[in-house]
Every structure is written in C-alpha cells, then in structure tokens.
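The values are calculated or read from the model by the stated rules, or taken from the named source; none is laboratory data. No experiment lies behind these values; they were computed from the predicted model shown. FYI the Cβ positions are ideal-geometry reconstructions off the backbone, even for glycines, and counts take in every protein chain you see.
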Amino acid sequence: MSDRPAMDTRRWIVRAALVAGIAVGLVGWRADAGITISGGTRAQQAMVRWAGERFADAGIGVPSLEVRFHRDRSGCEDRLGLFEENVAHICALYVNEMSRRDLLHEMAHGWVASHVSVSLENRFLRLRHLETWNDYDVEWEARGTEHAAEIIGWAVGGQPEGIWMPSIPMNDPPQLAAAYELLTGHPLPD
C-alpha cells in the first residue's frame, strides 16, 4: 500500500485551512471596511470614502452598509437619497455639497439602525419632543429617525451652517449637540 491516501488527506486539510483562513480574512476586512459601494463614478466612490472617514474621525464607528448609486431618482422614490434594508440609495448625480450632505444623512440612517436601541429611541423622542420614530403617516420632519439622521450627518460633517444645517425643528446648535451626545455617547466631533 502506498501513502497516497494519507498524502491526499493532508493536502485536502491544508487547502481547506488555507481557504478558511482567506475567508475569515476577507470577512474581517469587509467588517472593518464597513461600507461597500455599488456603482457610481470614481468621484462618487471617493465621496463615499470621504464620508466613511468622517464617521471614523468622529469616533462613533463606521456604519456597515452598502451605498448604491443610481443614474436617476427612480431608485430613490424620486428623492436624492433613500435608506432601506441596510442600503443607502444615492440618486444625486453630481458630487457637490448637497450630495455630500445627503450621503452623510443616508449613511447616518445605517449607523442609527445598528447602534440605537428601542430604549434609546424613546429617550431621543422625549428629548426632541416627538411622538413617533418612523411612522410614514407623519410628516418627515416629525419622525425621530429623520431627526437622528439629520443630526448625525450634520455632526460628522463638521457642523457647518447653510445647506448643512439640519432641516428639522429645534436645530439650534446646543439642541443638536445634546441630541448627538444622547445618540452616540460622544460630544460633537472637532
């Protein structure tokens, strides 16, 4: 008898271990990266990397989600952006201040979805004097989830004024800072 079966078994084990090691490494890389990008121009993809860096620099963690670019607004229910099922759909065609703001807002929804518990949602609703987290029968600016995304997007975006100011009631910087700290457990980023 030859050692052939034992040799084949050893090779199989080595190969299986190698494949498993590569798979674990890739899963870890993707989890560390946090964001996957589907479509988009090089400039749009660079904008996503910029946005991810904003979250990382804020010290609150990079949201794990997919950013999917669309060529027109039909992929976003006729809006510039939409977040659903862990995908930030971006329908802004150009890379400019408004699309950066919108991208941070949609990515903030992803951050909120994975970091904010129901009990924290309730405390946030009380702080913001809101009655619902995400009831589509209620106006956009009266939903807790939209307040949270607006506030986090503004905060990680550097708290600028102008078009960057959250489009929600109670948007004075001290009110926004208190809400951001409640949501993240961190003061406003520098």
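Restricting attention to the range 165-186, the residues being in contact (Cβ under 8 Å) with a residue 60 or more places away in the chain and either polar (S, T, N, Q) or in contact with a Ser or Thr (Cβ under 7 Å, 6 or more places away or on another chain) (or both) number 1.
Exactly one residue among ARG10, ARG15, ARG68 is among the basic types (Lys, Arg), outside the structural domain of ALA155 (by TED's automatic domain parsing), modelled with pLDDT of 95 or more and outside any loop (DSSP other than H, G, I, E, B), and that residue is ARG68.
Scanning the range 41-74 for residues being surrounded by 18 or more Cβ atoms within 10 Å (Cβ to Cβ) and over 20 Å from TYR180 (Cβ atoms) gives a total of 7.
Taken together, the residues in the range 98-147 that are among the hydroxyl-bearing types (Ser, Thr, Tyr) and under 19 Å from VAL48 (Cα atoms) amount to 2. Checked against the criterion of being surrounded by 13 or more Cβ atoms within 10 Å (Cβ to Cβ), within 18 Å of the chain's Cα centre (by Cα) and part of a helix (DSSP H, G or I), the range 76-91 contains one or more residues that satisfy it. MET98 meets all of the listed conditions (1) under 15 Å from TRP154 (Cβ atoms); (2) at pLDDT below 95; (3) among the aliphatic types (A, V, I, L, M); (4) touching a Gly at 6+ places or on another chain (Cβ under 8 Å) but one, namely (4).
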